[in-house]
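Chemist: The structure is given below, and queries will be raised subsequently.
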2 protein chains.
Amino acid sequence: MTSSASDLKAALAVAGLRLTGPRLAVWEVVSSASDHMTADEIASEVGRVDPTVNRSSVYRSLALFDELGLMRQSSLGPTDASHWELAHPDEQFHMRCESCGSVEHHTGDLVDRVRDHLAGDHGFQATRVDLLVTGLCRNCHP
Amino acid sequence: MTSSASDLKAALAVAGLRLTGPRLAVWEVVSSASDHMTADEIASEVGRVDPTVNRSSVYRSLALFDELGLMRQSSLGPTDASHWELAHPDEQFHMRCESCGSVEHHTGDLVDRVRDHLAGDHGFQATRVDLLVTGLCRNCHP
DNA sequence: ATCGCAACTGCGATCATTTCTCAATAGTCG
DNA sequence: CGACTATTGAGAAATGATCGCAGTTGCGAT
């Protein structure tokens with residue numbers, strides 16, 4: 001068991017939950033991915049490692065990890081399937097280029113500044129900021 | 001025909017498209033709504049006015065209006081159904097209170113500032129900014 | 001170790017939302 | 001009027017996600 005797996009086990013344990021095969025498989029697939037993945041991609045990859053794992057369990061695991069704050073669900077458009085990635089301590093957002101289709105993950109203080117602005121000016125205490133920017137990336141605009 | 005309906009007709013005409021019954025009905029329902037609506041709510045309301053209008057046409061009209069920049073599609077969570085509202089010249093974003101469930105539409109320079117920040121620091125030319133903030137509104141947090 | 005029980009899973013049905021296909025209809029322009 | 005094309009209704013189907021249930025299993029307590 002790798003160290004991140006025992007971390008996962010500990011995180012589950014404090015909530016009275018267990019580290020199971022499906023959950024570990026989902027965790028390993030997502031955490032070893034270089035990019036974010038759709039639930040479907042995750043399910044396929046998990047299925048290659050362990051074909052007995054059911055799709056429902058993948059969804060259940062993802063929802064659980066999201067609830068525990070271990071992963072983050074995001075969407076690249078109202079119609080598209082959700083994407084999943086490990087939660088990052090610095091909140092991040094996505095910039096999608098509508099020309100080349102690339103999706104850049106971006107970390108920075110922008111999200112924090114949005115949060116502060118809302119707290120100050122609007123009395124709104126943000127727990128979660130979902131920001132998706134669509135446009136032309138550096139390589140694609142004139 | 002109201003003035004906004006003839007504006008709509010003109011906007012369609014420049015694209016070589018027609019103002020039809022279903023399109024007008026969808027337009028009137030959405031533009032007379034005080035809040036944003038789901039496609040399902042729009043379809044129901046359109047159905048009350050004209051029961052012969054098919055659901056598909058509602059979806060088609062909404063997609064068309066979005067493409068023409070007349071309406072705006074947004075989503076309050078990766079799983080939730082899309083919501084539609086008239087496009088607003090000042091871009092706006094949504095603040096959803098996770099306690100009382102209220103959704104506040106907010107207009108302001110925040111979105112523009114995000115846009116400017118990305119253009120300056122990251123060379124990203126944003127055409128669209130989707131911002132959803134979840135948290136506790138003024139009335140619900142301590 | 002092994003026991004016991006609640007957490008968890010596989011399975012498959014089911015749901016909700018949205019898109020598709022296609023033949024029929026209807027504006028619009030000459 | 002006649003042809004051309006946009007548009008529609010109708011319903012099937014694709015997609016993404018969730019649910020209920022009966023059986024299984026992880027893991028702390030014994």
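The values are calculated or read from the model by the stated rules, or taken from the named source; none is laboratory data. Just so you know, these numbers come straight off a predicted model, no measurement behind them. Note that each Cβ is placed from the backbone with ideal geometry, even for glycine, and that neighbours are counted across all protein chains shown.
Chemist: Out of the residues in region A:64-73 meeting the condition of being surrounded by 15 or more Cβ atoms within 10 Å (Cβ to Cβ) and not polar (S, T, N, Q), tell me which one is farthest from A:LEU24 (Cα to Cα).
Modeler: Narrowing region A:64-73 to residues surrounded by 15 or more Cβ atoms within 10 Å (Cβ to Cβ): A:64-66, A:68, A:70-73.
The next check asks that each one be not polar (S, T, N, Q); those that pass are A:64-66, A:68, A:70-72.
On the way: A:LEU64: 12, A:PHE65: 11, A:ASP66: 15, A:LEU68: 15, A:LEU70: 13, A:MET71: 13, A:ARG72: 17 Å.
Selected residue: A:ARG72.
Chemist: Mind checking which pairs have a first residue in region A:48-72 that is away from chain B (no Cβ under 14 Å) and a second that is small (Gly, Ala, Ser) and within 11 Å of DNA strand C (Cβ to nearest atom), Cβ under 6 Å, 6 or more apart or different chains?
Modeler: A:VAL49/A:ALA25; A:ASP50/A:ALA25; A:VAL53/A:ALA25; A:ARG55/A:ALA43; A:VAL58/A:ALA43
Chemist: Select from region B:28-44 the residues that are within 14 Å of DNA strand D (Cβ to nearest atom), crowded, with 17+ Cβ neighbours inside 10 Å and in contact (Cβ under 8 Å) with a residue 40 or more places away in the chain and list them in ascending order. Explain how you work it out, then say what you get.
Modeler: Kept after step one, since they are within 14 Å of DNA strand D (Cβ to nearest atom), are these residues of region B:28-44: B:28-29, B:39-40, B:42-43.
Applying the additional criterion that residues be crowded, with 17+ Cβ neighbours inside 10 Å yields B:28-29, B:39, B:42-43.
Scanning region B:28-44 gives B:ALA39, B:ILE42.
Chemist: When you look at A:ARG55, is it more than 16 Å from DNA strand C (Cβ to nearest atom) and of a type in the set (Lys, Arg), yes or no? Walk me through how you get there before you give the answer.
Modeler: On the way: more than 16 Å from DNA strand C (Cβ to nearest atom): no; of a type in the set (Lys, Arg): yes.
No.
Chemist: Is it the case that region A:83-100 has a residue that's among the small types (Gly, Ala, Ser) and over 15 Å from the mean Cα position of the chain (by Cα)? Break it down stepwise before answering.
Modeler: Step one: of region A:83-100, the residues among the small types (Gly, Ala, Ser) are A:87, A:99.
Now narrow it down to the ones that are over 15 Å from the mean Cα position of the chain (by Cα): A:99.
Yes, that holds for at least one residue.
Chemist: If you go through region A:85-104 one residue at a time, do you hit one that is more than 11 Å from DNA strand C (Cβ to nearest atom), closer than 25 Å to B:SER102 by Cβ and either at pLDDT 90 or above or touching a Lys or Arg at 6+ places or on another chain (Cβ under 9 Å) (or both)? Walk me through how you get there before you give the answer.
Modeler: As a first pass, look at region A:85-104 and keep what is more than 11 Å from DNA strand C (Cβ to nearest atom): A:85-104.
Then drop every residue that is not closer than 25 Å to B:SER102 by Cβ, which leaves A:91, A:93.
Restricting the remaining residues to those that are either at pLDDT 90 or above or touching a Lys or Arg at 6+ places or on another chain (Cβ under 9 Å) (or both) gives A:91, A:93.
Checking region A:85-104: at least one residue is more than 11 Å from DNA strand C (Cβ to nearest atom), closer than 25 Å to B:SER102 by Cβ and either at pLDDT 90 or above or touching a Lys or Arg at 6+ places or on another chain (Cβ under 9 Å) (or both).
Chemist: If A:ARG60 meets every condition in (1) near DNA strand D (Cβ under 10 Å from one of its atoms); (2) closer than 30 Å to B:ALA126 by Cα apart from one, which number is that one?
Modeler: Of the numbered conditions (1) near DNA strand D (Cβ under 10 Å from one of its atoms); (2) closer than 30 Å to B:ALA126 by Cα, the odd one out for A:ARG60 is (2).
Chemist: Let me ask something else about it. Determine if region B:102-124 includes at least one residue that is farther than 30 Å from A:PRO142 by Cα, in contact with a Leu (Cβ under 6 Å, 6 or more places away or on another chain) and not β-branched (Val, Ile, Thr). Let's see the steps before the verdict.
Modeler: Taking region B:102-124 and keeping what is farther than 30 Å from A:PRO142 by Cα, we get B:102-106.
If we keep only those that are in contact with a Leu (Cβ under 6 Å, 6 or more places away or on another chain) too, we end up with none.
No.
Chemist: Follow-up. Among the candidates B:VAL103, B:VAL111, which residue alone is in contact with a Phe, Trp or Tyr (Cβ under 7 Å, 6 or more places away or on another chain), more than 8 Å from chain A (Cβ to nearest Cβ) and surrounded by 14 or more Cβ atoms within 10 Å (Cβ to Cβ)?
Modeler: Values: B:VAL103 fails: in contact with a Phe, Trp or Tyr (Cβ under 7 Å, 6 or more places away or on another chain).
The unique qualifying residue is B:VAL111.
Chemist: Taking region B:9-48 as the region of interest, how many residues are more than 12 Å from DNA strand C (Cβ to nearest atom), closer than 27 Å to B:HIS94 by Cβ and of a type in the set (A, V, I, L, M, F, W, C)?
Modeler: Qualifying residue count, region B:9-48: 8.
Chemist: Which of the residues that make up region B:67-82 are under 13 Å from the mean Cα position of the chain (by Cα) and within 14 Å of DNA strand D (Cβ to nearest atom)?
Modeler: First pass over region B:67-82, keeping only residues under 13 Å from the mean Cα position of the chain (by Cα): B:67-76, B:81-82.
Passing the criteria: B:GLU67, B:LEU68, B:LEU70, B:SER75, B:LEU76, B:ALA81, B:SER82.
Chemist: What is the residue count in region A:90-105 for residues that are more than 13 Å from B:VAL114 (Cα to Cα) and touching a residue at least 24 places away in the same chain (Cβ under 8 Å)?
Modeler: Our first condition is that a residue be more than 13 Å from B:VAL114 (Cα to Cα); within region A:90-105, this holds for A:90-92, A:96-105.
Remaining after also requiring touching a residue at least 24 places away in the same chain (Cβ under 8 Å): A:91, A:96-100, A:102-105.
Counting residues in region A:90-105 that are more than 13 Å from B:VAL114 (Cα to Cα) and touching a residue at least 24 places away in the same chain (Cβ under 8 Å) gives 10.
Chemist: Please work out if B:THR52 is within 12 Å of DNA strand D (Cβ to nearest atom), over 29 Å from B:VAL103 (Cα atoms) and surrounded by 12 or more Cβ atoms within 10 Å (Cβ to Cβ).
Modeler: On the way: within 12 Å of DNA strand D (Cβ to nearest atom): yes; over 29 Å from B:VAL103 (Cα atoms): yes; surrounded by 12 or more Cβ atoms within 10 Å (Cβ to Cβ): no.
So B:THR52 fails the test.
Chemist: For region A:67-84, which positions are closer than 22 Å to A:ALA15 by Cβ and either within 14 Å of DNA strand C (Cβ to nearest atom) or in contact with an Asp or Glu (Cβ under 7 Å, 6 or more places away or on another chain) (or both)?
Modeler: Listed by number, the residues that qualify are A:GLU67, A:LEU68, A:LEU70, A:MET71, A:ARG72, A:GLN73.
Chemist: So for region B:16-25 (the condition being on the phi > 0 side of the Ramachandran plot, loosely packed, with under 14 Cβ neighbours inside 10 Å and either modelled with pLDDT under 95 or not aliphatic (A, V, I, L, M) (or both)), does at least one residue qualify?
Modeler: The answer is yes, given that some residue of region B:16-25 is on the phi > 0 side of the Ramachandran plot, loosely packed, with under 14 Cβ neighbours inside 10 Å and either modelled with pLDDT under 95 or not aliphatic (A, V, I, L, M) (or both).
Chemist: Just to be sure I understand the filter: pairs with C-beta atoms under 8 Å, separated by 6 or more residues or on different chains, first member in region A:106-126 and in a helix (DSSP H, G or I), second member loosely packed, with under 13 Cβ neighbours inside 10 Å. Which pairs pass?
Modeler: A:HIS122/B:ARG138
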